[in-house]
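Q: Sharing a structure with you now.
The values are calculated or read from the model by the stated rules, or taken from the named source; none is laboratory data. Everything numeric here is computed off the predicted structure, so don't read it as measured data. Counting neighbours? That spans all protein chains shown, and the Cβs are built from the backbone with ideal geometry, glycine included. Surface areas here come from the heavy atoms of the whole protein model, side chains and all, with no ligands, DNA or RNA. Shrake-Rupley method; radii C 1.70, N 1.55, O 1.52, S 1.80 Å.
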Amino acid sequence: MRRVLHIDMDAFFAAVEQRRNPELIGKPLVIGGSGDHTQRGVVATASYEARKFGIHSAMPLRTAYKLCPHAVFLPVDYNEYSRVSGEIKDILREFSPIMQDVGIDEAFLDVSRIDKPAEEIAKEIKAKIRQETGLTCSIGIAPNKLLAKIASDMQKPDGLTIITGQDIENRIWPLPARKLWGVGPKTEVSLKEMGVETIGHLASLLLDTLVERFGTSHGAYLYEASRGIDESPLVTQWEPKSMSKEITFQHDTGDWQTIAKTLAALTREVANDMKQSGYRGRAVTVKIRFSDFETHTRAKTLTGHTNAVSEIRTAAFDCLRRFELKKKVRLVGVRLGGLEKT
Ligand code: TTP
Ligand code: MG
């Protein structure tokens with residue numbers, strides 16, 4: 001049985017601001033645009049105190065001001081929220097490496113392989129996040145991502161909700177159809193036209209009816225989702241171990257100049273890739289494949305991590321000189337390993 005957690009921070013931007021400035025705790029707080037309610041811009045989020053006045057995300061700041069003139073309006077400080085978000089994701093990864101980063105304030109965590117009740121893990125996560133960042137979150141526990149996401153939204157703030165396969169009829173079917181991931185405003189309108197308001201209603205429709213209306217793929221998705229079925233795996237972030245480039249010559253060559261020039265060009269490309277993706281490496285490996293497909297590598301480890309072309313090229317040429325180029329060369333490649341994030 002799979003056990004998936006969905007973690008969603010409570011009033012995230014507002015909570016980060018309240019932590020920075022405790023005077024804001026307990027007050028209606030609106031974060032959005034440049035923080036000036038006379039200017040254009042929309043609400044990114046509002047504290048729970050401000051939500052009581054009917055203020056919500058995507059509402060024009062001016063409207064929010066009319067609803068609650070004594071609310072504190074602050075600009076969006078995206079850098080700070082991303083930094084805190086990074087801290088939270090790091091905490092989650094400590095609990096399980098199978099983490100899907102969904103957005104700035106939410107993530108899925110697969111805890112199936114952890115030998116402990118999921119509820120206990122969730123409580124530990126909540127405590128750790130609170131301890132390290134001072135923030136609260138709401139967690140949903142379910143057999144899949146679809147249900148876990150619905151669950152985390154059921155009790156907020158600071159909630160912990162468990163949904164099992166047995167709860168679908170009683171707790172999922174009464175919910176409005178739009179609570180299902182993949183039911184956006186357009187699908188919702190179509191469903192309303194068909195007289196469908198709840199997830200249970202949707203589950204009563206025939207597969208054929210849904211496919212006819214929404215197409216094969218979305219129709220089948222809705223059919224399964226309304227029954228709480230979701231087999232999709234967590235998409236974990238891919239961390240490269242190395243970066244490489246190689247090229248096969250149009251014609252095999254024995255010309256050292258040609259090989260060296262090609263290697264220099266490949267080195268530049270790898271260095272660029274690393275700079276763009278924010279990595280530095282330490283271990284340079286050059287690969288040569290001869291015309292008879294015999295393939296050899298030579299490696300050199302640098303004293304420190306780098307993404308500087310000149311350093312990588314010098315090491316690559318050191319490697320190249322250690323090859324005996326007695327046969328014609330078919331392919332040349334360079335790889336940088338031992339990567340670290342810059
Ligand atoms: P949400 O998780 O949707 O909202 P929230 O964390 O503020 O509140 P809740 O307790 O209900 O989870 O979104 C996370 C952050 O993303 C939110 O703090 C601000 C930002 N955001 C926007 O900038 N614009 C939007 O329209 C929404 C919905 C969110
Ligand atoms: Mg949130």
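Q: Please work out which one of (1) open to solvent by 30 Å² or more (accessible area, probe 1.4 Å); (2) over 19 Å from the mean Cα position of the chain (by Cα); (3) at pLDDT 95 or above is the condition Glu106 fails and give its number.
A: (2)
Q: Check Ser232, Ser226, Ser217 and return the single one that is over 30 Å from Arg289 (Cα atoms) and open to solvent by 80 Å² or more (accessible area, probe 1.4 Å).
A: Matching residue, one of Ser232, Ser226, Ser217: Ser217.
Q: Continuing with the same structure: What are the residues in segment 234-258 that are farther than 30 Å from Thr306 by Cβ and without any contact (Cβ under 8 Å) to a residue 40 or more places away in the chain, if any?
A: Passing the criteria: Gln250, His251.
Q: Only one of these conditions is not met by Val42: (1) more than 14 Å from ligand 1 (Cβ to nearest atom); (2) surrounded by fewer than 16 Cβ atoms within 10 Å (Cβ to Cβ); (3) closer than 30 Å to Leu146 by Cα. Which number is it?
A: Single failed check for Val42: (1).
Q: Which members of segment 261-284 meet the condition of being under 19 Å from His305 (Cβ atoms) and of a type in the set (S, T, N, Q)?
A: Thr267, Asn272, Gln276, Ser277
Q: Look at Val42 and say whether it is away from ligand 2 (no atom under 16 Å from the Cβ) and aliphatic (A, V, I, L, M).
A: When the stated conditions are applied, Val42 passes them.
Q: Another one. Identify, please: which residue in segment 113-164 is within 21 Å of the chain's Cα centre (by Cα), within 14 Å of ligand 1 (Cβ to nearest atom) and among the polar types (S, T, N, Q) and is, among those, nearest to Glu231 (Cα to Cα)?
A: Per the stated criteria, the residue is Ser152.
Q: If you go through segment 215-228, how many residues are outside any helix (DSSP H, G or I) and without any contact (Cβ under 8 Å) to a residue 60 or more places away in the chain?
A: Narrowing segment 215-228 to residues outside any helix (DSSP H, G or I): 215, 226-228.
Now drop any that are not without any contact (Cβ under 8 Å) to a residue 60 or more places away in the chain, which leaves 215, 226-227.
Summing the residues that are outside any helix (DSSP H, G or I) and without any contact (Cβ under 8 Å) to a residue 60 or more places away in the chain in segment 215-228 gives 3.
Q: Oh, and also: Cβ-Cβ under 8 Å, sequence separation 6+ or interchain: first residue in segment 160-176 and over 13 Å from Ile141 (Cβ atoms), partner assigned to a strand (DSSP E or B). Which pairs?
A: These pairs meet every condition: Trp173/Thr198; Pro174/Thr198; Leu175/Thr198; Pro176/Thr198.
Q: Please verify whether Asp90 is over 20 Å from Asp158 (Cα atoms) and acidic (Asp, Glu), treating the condition exactly as stated. Show your work before the answer.
A: Numbers: over 20 Å from Asp158 (Cα atoms): no; acidic (Asp, Glu): yes.
Against the criterion (over 20 Å from Asp158 (Cα atoms) and acidic (Asp, Glu)), Asp90 does not qualify.
Q: Quickly run through segment 73-90 and pick out the residues that are in contact (Cβ under 8 Å) with a residue 12 or more places away in the chain and either surrounded by fewer than 19 Cβ atoms within 10 Å (Cβ to Cβ) or closer than 21 Å to Ser232 by Cβ (or both).
A: Answer for segment 73-90, where residues must be in contact (Cβ under 8 Å) with a residue 12 or more places away in the chain and either surrounded by fewer than 19 Cβ atoms within 10 Å (Cβ to Cβ) or closer than 21 Å to Ser232 by Cβ (or both): Pro75, Val76, Asp77, Glu80, Ser82, Glu87, Lys89.
Q: Out of the residues in segment 5-29 that are within 14 Å of ligand 2 (Cβ to nearest atom) and of a type in the set (Val, Ile, Thr), which is nearest to Lys123 (Cα to Cα)?
A: This residue is Ile7.
Q: For segment 115-132, give me each residue that is β-branched (Val, Ile, Thr) and modelled with pLDDT under 95.
A: Residues of segment 115-132 that are β-branched (Val, Ile, Thr), as a first pass: 121, 125, 129.
Across segment 115-132, there are no qualifying residues.
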